[in-house]
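Student: My questions will all concern the structure given below.
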Amino acid sequence: EMNTLLGNEAIQAAIKAGNINISNNNNSEYLQLSESSKYEQQLHQETLKKYETTKRARTILVPTSIDEIKSKLRELGHPITLFGEDHVDRRDRLREVIAALEIDDEHTKKIQKVNQTQVTETKVKVQKEITYSNASDLLITARKYISEFSFNQAHERIINTKRIRENEELQAIEDNNVLNLYDHTKELAINCSQVGDDRPLSIIRYSPDGKYISTGSLGTIVKVWNSSNQSCKATGGGHEERITSISWQPKGNNNIFASSSADKTCKIWSLNGNNMEVDNNEEILQSVTTLSGHSSVVSSCEFHPMGQYIGTSSHDYTIRLWDIETGSELLLQDGHNREVTNLSFQLDGSLVLSGDISGLVLIWDLRSGQCIQNFQGHIKKIVRSSFNINGFQAATCSVDNLVRIWDLRKKKSAYVLPCHNNAVTDVRYSQSGELLATSSFDGTIKVWGVRDYRLLNTLNGHLGKVMSCDYSSDERYMCSAGFDRTFKIW
């Protein structure tokens with residue numbers, strides 16, 4: 001009979017049967033929370049509020065000018081300086097103050113009075129005040145050359161892409177070449193191994209023509225090796241701290257490369273012979289130019305695709321552009337509020353990507369000097385980055401074990417590769433842009449197909465951390481450098 005009862009009849013039947021007890025006594029008794037329970041409840045609420053404040057503070061843009069930060073803190077009723085607080089700490093505190101006020105929904109009118117403009121206008125204003133200054137005559141001239149170069153490169157790239165896409169036969173040929181490249185990549189295996197230094201290696205790069213391999217270590221030495229037989233061609237000494245990155249000049253005779261170091265400098269080296277001595281059939285390099293100006297570790301260096309300029313990033317929160325012929329500094333660009341750990345140029349030469357220790361990625365237009373995009377996704381330090389030859393994709397690797405693919409057209413992360421079980425130390429697109437290589441502290445190098453980001457091969461051979469990897473220009477070989485002091489050819 002119970003199954004046939006519906007609605008109120010079912011409830012009344014349940015009460016009558018004793019399955020539901022409803023008190024008719026209006027004098028209900030409520031138990032009070034104990035003091036310890038109240039304390040725990042309050043502590044939990046404060047923890048949630050602190051987490052939400054920290055999370056929201058990351059999205060708030062504030063100025064970098066010391067006077068403006070102090071003025072805003074004063075208007076919000078907070079002390080302008082705390083004991084032991086530096087400029088960066090004060091800026092972070094302003095973010096947290098504004099975030100806390102937004103969460104509590106308090107002093108809304110006060111915040112609006114401080115901002116005085118709409119949110120979007122404030123963002124533009126703050127960004128301009130943070131990053132922009134009057135350009136020197138040398139920088140204006142360099143921007144004209146870079147603009148002309150990038151327009152020509154982009155035009156050629158777009159014309160070539162359209163030509164292939166509009167011709168089914170050419171499209172079929174390209175697809176077949178990619179399939180052959182994938183098949184070759186799946187067969188990659190270790191070819192040779194060589195001890196590269198007395199200290200663990202930190203970076204490795206192929207020369208553009210594939211004849212040489214350059215390595216840097218946690219020591220102060222850079223070395224150049226013949227890629228055919230792995231014999232040491234030249235050794236360069238001159239840095240005073242560990243080597244952080246190496247870059248080969250993309251234009252010219254392929255005999256010029258640069259190295260950056262924790263000694264706050266970037267050095268330009270040449271294999272042309274005018275600055276070399278021979279000792280036991282091994283050439284001793286002397287640096288052609290030393291680029292000095294950073295006030296902290298120079299975390300990376302990379303030649304601009306024109307070959308005439310080189311960019312550097314540093315833990316002094318800046319990136320800089322230099323003329324390698326004169327050694328003069330053309331551009332000092334700030335905008336990060338944490339140590340900048342990497343930079344890389346788009347192959348057209350128009351854009352530069354910079355990443356910092358907090359995981360923030362900024363995209364700068366070298367032709368105008370503006371920051372045109374910012375990407376947030378990594379939660380830890382960005383280690384390396386690489387632009388695809390297609391011009392609109394860039395890959396970044398991080399200590400958070402991830403590689404993120406950023407789409408500059410869609411202005412968002414297009415793909416996330418949870419590719420390793422430990423920090424990812426390097427990421428490199430191949431010459432055609434169809435392959436992506438990653439290396440990691442987990443001891444492996446992995447190669448991915450860019451069209452669908454499927455794993456093509458996992459290379460094992462290093463005893464411990466793999467610090468860096470790179471492709472040869474013909475995409476038939478790979479090289480890697482390890483903490484075990486060896487570099488390997490695959």
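The values are calculated or read from the model by the stated rules, or taken from the named source; none is laboratory data. Being a predicted model, the structure only gives us computed values, none of them experimental. Here the Cβ is made from the backbone with ideal geometry for all residues, glycine too, and neighbour counts use every protein chain on show. Ligands, DNA and RNA are excluded from the accessible area calculation, which covers all protein heavy atoms including side chains. Shrake-Rupley method; radii C 1.70, N 1.55, O 1.52, S 1.80 Å.
Student: Within the range 446-470, can you find the residues that are touching a residue at least 60 places away in the same chain (Cβ under 8 Å) and under 14 Å from HIS184 (Cα atoms)?
Tutor: VAL447, GLY449, LEU456, ASN457, LEU459
Student: Of all residues in the range 250-270, which are surrounded by fewer than 21 Cβ atoms within 10 Å (Cβ to Cβ), of a type in the set (Gly, Ala, Ser) and at pLDDT 90 or above?
Tutor: If the condition is that a residue be surrounded by fewer than 21 Cβ atoms within 10 Å (Cβ to Cβ), of a type in the set (Gly, Ala, Ser) and at pLDDT 90 or above, then ALA262 is the only one that fits.
Student: Here's something else I'd like to know. Any idea which of (1) over 24 Å from CYS301 (Cβ atoms); (2) at pLDDT 90 or above; (3) of a type outside the set (Lys, Arg); (4) open to solvent by less than 20 Å² (accessible area, probe 1.4 Å) is the one LEU402 doesn't satisfy?
Tutor: (4)
Student: Separate question: Give me the strands (runs of 3 or more DSSP E) completely within the range 359-411, filtered to those with at least 2 residues that are over 26 Å from SER147 (Cα atoms) and touching a residue at least 12 places away in the same chain (Cβ under 8 Å), ordered by residue number.
Tutor: Filter on the range 359-411 gives 382-387, 393-398, 403-407.
Student: Report yes if some residue within the range 469-478 is open to solvent by less than 10 Å² (accessible area, probe 1.4 Å), among the hydroxyl-bearing types (Ser, Thr, Tyr) and in a strand (DSSP E or B); otherwise report no.
Tutor: There is no residue in the range 469-478 that is open to solvent by less than 10 Å² (accessible area, probe 1.4 Å), among the hydroxyl-bearing types (Ser, Thr, Tyr) and in a strand (DSSP E or B).
Yes/no matrix, rows are residues, columns are (1) within 14 Å of the chain's Cα centre (by Cα); (2) among the hydroxyl-bearing types (Ser, Thr, Tyr):
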residue	(1), (2)
GLU302	yes, no
SER313	yes, yes
TRP322	no, no
SER328	no, yes
VAL340	yes, no
SER350	no, yes
SER358	yes, yes
TRP364	yes, no
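Student: Regarding the range 297-310, can at least one residue be identified that is out of contact with any helix residue (DSSP H, G or I) (no Cβ under 9 Å at 6 or more places or on another chain) and over 30 Å from LYS411 (Cβ atoms)?
Tutor: Yes, some residue in the range 297-310 is out of contact with any helix residue (DSSP H, G or I) (no Cβ under 9 Å at 6 or more places or on another chain) and over 30 Å from LYS411 (Cβ atoms).
Student: Then there is this: Restricted to the range 366-384, and to residues that are open to solvent by 80 Å² or more (accessible area, probe 1.4 Å) and out of contact with any Ser or Thr (no Cβ under 7 Å at 6 or more places or on another chain), which residue is farthest from SER202 (Cα to Cα)?
Tutor: If we take residues in the range 366-384 being open to solvent by 80 Å² or more (accessible area, probe 1.4 Å) and out of contact with any Ser or Thr (no Cβ under 7 Å at 6 or more places or on another chain), then GLN370 is farthest from SER202 (Cα to Cα).
Student: Let me ask another. Go through the residues of the range 224-235 one by one and say whether even a single one is free of Cβ contacts under 8 Å to residues at least 40 places away in the same chain and of a type in the set (Lys, Arg).
Tutor: Looking through the range 224-235, none of the residues is free of Cβ contacts under 8 Å to residues at least 40 places away in the same chain and of a type in the set (Lys, Arg).
Student: Now for a different question. If I go through the range 355-365 residue by residue, how many of them are of a type in the set (Gly, Ala, Ser) and either open to solvent by less than 20 Å² (accessible area, probe 1.4 Å) or over 21 Å from VAL298 (Cβ atoms) (or both)?
Tutor: 2
Student: Hey, can you tell me all the residues within the range 69-88 that are in a helix (DSSP H, G or I) and loosely packed, with under 15 Cβ neighbours inside 10 Å?
Tutor: Once the filter is applied, which keeps residues that are in a helix (DSSP H, G or I) and loosely packed, with under 15 Cβ neighbours inside 10 Å, the range 69-88 yields SER71, ARG74, GLU75, HIS87, VAL88.
Student: For a quick check of your reading of the model, give me the residue pairs whose first member lies in the range 60-84 and is in contact (Cβ under 8 Å) with a residue 24 or more places away in the chain and of a type outside the set (S, T, N, Q), whose second is in a loop (DSSP other than H, G, I, E, B) and open to solvent by less than 40 Å² (accessible area, probe 1.4 Å), with beta-carbon atoms closer than 8 Å and at least 6 apart or on different chains.
Tutor: Sorted first by the residue in the range 60-84, then by its partner, the pairs are ILE69/VAL62; ILE69/PRO63; LYS72/VAL62; LYS72/PRO63.
Student: Looking at (1) at pLDDT 80 or above; (2) under 25 Å from the mean Cα position of the chain (by Cα), can you tell me which one ALA57 breaks?
Tutor: Result: ALA57 passes all but (1).
Student: Among all residue pairs at least 6 apart or on different chains, which show Cβ distances below 9 Å where the first residue, located in the range 169-182, is without any contact (Cβ under 8 Å) to a residue 40 or more places away in the chain and the second is part of a helix (DSSP H, G or I)?
Tutor: Close Cβ pairs satisfying both conditions: LEU170/ARG163; LEU170/ILE164; GLN171/ILE164; GLN171/ARG165; ILE173/ILE164; GLU174/ILE164.
Student: Within the range 343-358, can you find the residues that are touching a strand residue (DSSP E or B) at 6+ places or on another chain (Cβ under 8 Å) and farther than 23 Å from PHE149 by Cβ?
Tutor: Scanning the range 343-358 gives GLY355, ASP356, ILE357.
Student: Filter the range 392-431 down to the residues that are in contact with a Lys or Arg (Cβ under 6 Å, 6 or more places away or on another chain) and closer than 27 Å to SER314 by Cβ and list them by number.
Tutor: THR396, CYS397, SER398, VAL399, ASP400, SER413, ASP426, VAL427
Student: Now, a different point. Among residues belonging to the range 405-427 that are open to solvent by less than 10 Å² (accessible area, probe 1.4 Å) and closer than 20 Å to ARG451 by Cβ, point out the one that is farthest from the chain's Cα centre (by Cα).
Tutor: Looking at residues that are open to solvent by less than 10 Å² (accessible area, probe 1.4 Å) and closer than 20 Å to ARG451 by Cβ, I get CYS419.
Student: Sticking with this structure for a sec: Within the range 186-234, how many residues are within 23 Å of SER260 (Cβ to Cβ), among the hydrophobic types (A, V, I, L, M, F, W, C) and surrounded by 17 or more Cβ atoms within 10 Å (Cβ to Cβ)?
Tutor: Matching residues across the range 186-234 total 10.
Student: Here's another thing I want to ask about it. Quick one: ARG143 ticks every box in (1) open to solvent by less than 60 Å² (accessible area, probe 1.4 Å); (2) more than 29 Å from the chain's Cα centre (by Cα); (3) basic (Lys, Arg) bar one, so which box is it?
Tutor: (2)
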